[in-house]
Amino acid sequence: MASDVDNVLGGPGYATLGGTAIGHSQGGITAKFSPKTRPVTVDQYGSTPMNLRHTGDECRMTIPFAEWSAAALAEVYAAGNDQTAGSGAAYIGIGRSAGYIYTAQAAEIIPFLTAEAAKKITFNRTVAIGEFEIPFNNEADRIFNVEFECLGDESADDGELIGNIQFAAA
């Protein structure tokens with residue numbers, strides 16, 4: 001395989017959730033893929049792993065939302081009572097009863113650079129999870145770092161249960 005410096009990519013991207021761009025981010029969007037495995041051992045070699053068996057994948061993306069907007073706030077805490085589209089004061093409630101099932105939505109991370117836009121990451125189903133912080137200080141912008149769990153999709157092909165990383169236009 002020949003090396004090609006044109007294949008070295010960089011630059012910022014933006015996120016879409018449910019097909020809608022959710023405003024500016026600040027600090028870079030991150031996707032993290034962690035395959036889970038278990039060792040295969042046999043008596044002859046004791047505890048030395050002789051193979052690894054895939055047991056699943058953990059995939060997360062983190063979006064540092066920079067815009068204090070109804071669309072961004074609705075994604076910060078998906079389990080909250082979403083009143084961002086209400087006619088009164090828009091807000092997101094905090095606190096939910098145990099057993100709540102999150103509503104999953106498709107997500108993409110797309111490079112801003114038009115020439116690289118086809119080189120994106122697509123997730124079939126995501127939900128906002130984890131803690132979030134909203135800083136109030138005079139030395140930084142108010143950024144919401146929101147972590148999303150990327151879930152499997154029963155209707156997707158094996159090897160693409162969570163999504164795909166695209167490197168060229170179809």
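The values are calculated or read from the model by the stated rules, or taken from the named source; none is laboratory data. Here the structure is a predicted model, which means the values were calculated and not measured. Glycine gets a Cβ as well: all are built from the backbone with ideal geometry, and neighbour counts include every protein chain shown. Ligands, DNA and RNA are stripped out before the accessible areas are found, and what is left, the full protein with its side chains, is counted by its heavy atoms. Shrake-Rupley method; radii C 1.70, N 1.55, O 1.52, S 1.80 Å.
Place +1 on the Cβ of every Lys and Arg and -1 on the Cβ of every Asp and Glu in the stretch 64-170, take the dipole about the Cα centre, and give the residue among A72, Y100, G130 whose Cα lies farthest towards its positive end. Projecting each Cα onto the dipole axis, the largest value belongs to A72.
What percent does the relative contact order of the chain come to when contacts are Cα pairs within less than 8 Å and at least six residues apart?
22
Using a probe of 1.4 Å, the accessible surface attributed to D4 totals some 80 Å² when neighbouring protein chains are kept in position.
May I ask you to give the percent of accessible area on the stretch 17-170 that is carbon plus sulfur, with a probe radius of 1.4 Å? Walk me through the intermediate numbers first.
Working: 5010 of 10050 Å².
Roughly 50 percent of what the probe reaches on the stretch 17-170 is carbon or sulfur.
When the GluC sites (Glu not before Pro) in the stretch 77-159 are filtered for DSSP coil states and for at most 13 other beta-carbon atoms within 10 Å of their beta-carbon, the remaining sites are E131, E133, E139, E154. Rounded to the nearest 10 square angstrom, V127 shows an accessible area of 10 square angstrom against a 1.4 Å probe. If you plug the beta carbon distance of A115 and N51 into 1/(1 + (r/R0)^6) with R0 = 30 Å, you get a FRET efficiency near 0.10. With R₀ set to 30 Å, the beta-carbon distance separating I94 from N138 gives a calculated FRET efficiency near 0.75. Solvent-accessible surface of the chain, taken per residue with a 1.4 Å probe and all protein chains present: 67 Å².
Kirkwood hydrodynamic radius for the stretch 49-97: how many Å is it when counted over pairs of different Cα atoms? Please list the in-between numbers first.
Working: mean 1/r = 0.0725 Å⁻¹.
For the stretch 49-97, the Kirkwood estimate is 13.8 Å.
State to the nearest 20 debye the size of the charge dipole of the stretch 45-116 about its Cα centre, where the only charges are +1 on K and R beta carbons and -1 on D and E beta carbons. Don't skip to the end; give the middle numbers.
Values: 3 positive and 7 negative charges, 62 e Å.
Magnitude of the dipole: close to 300 debye.
Determine the dipole magnitude for the chain: charges of +1 sit on the beta-carbon of Lys and Arg, -1 on that of Asp and Glu, nothing else is charged, the reference point is the Cα centre, and the result goes in debye to the nearest 20. The calculation lands at about 200 debye. A compact globular protein would have a Cα radius of gyration near 2.2 N^0.38 Å; the ratio found for the stretch 28-159 is 1.40.
Rounded to the nearest 20 debye, what is the charge dipole size of the stretch 85-162 about its Cα centre when +1 sits on each Lys and Arg Cβ and -1 on each Asp and Glu Cβ?
Numbers: 5 positive and 13 negative charges, 70 e Å.
Dipole of the stretch 85-162, to the nearest 20 debye: 340 debye.
Expressed as a whole percent, how much of the Cα-Cα distance distribution for the stretch 1-90 exceeds 15 Å? Intermediate values should be presented prior to the final figure.
Working: 3006 of 4005 pairs.
Within the stretch 1-90, distances greater than 15 Å cover 75 percent of Cα pairs.
Of all chymotrypsin sites (Phe, Trp or Tyr not before Pro) in the stretch 48-150, which ones are in loop regions per DSSP and have a Cβ with at most 11 other Cβ atoms within 10 Å?
Values: sites: F65, W68, Y77, Y91, Y100, Y102, F112, F123, F132, F136, F144, F148; in loops: W68, Y77, Y100, Y102, F112, F132, F136.
Filter output for the stretch 48-150: Y100, F112, F136.
Considering only S87, S34, S155, the mean-square fluctuation computed in a Gaussian network model of the chain, springs between alpha carbons under 10 angstrom, is largest for S87.
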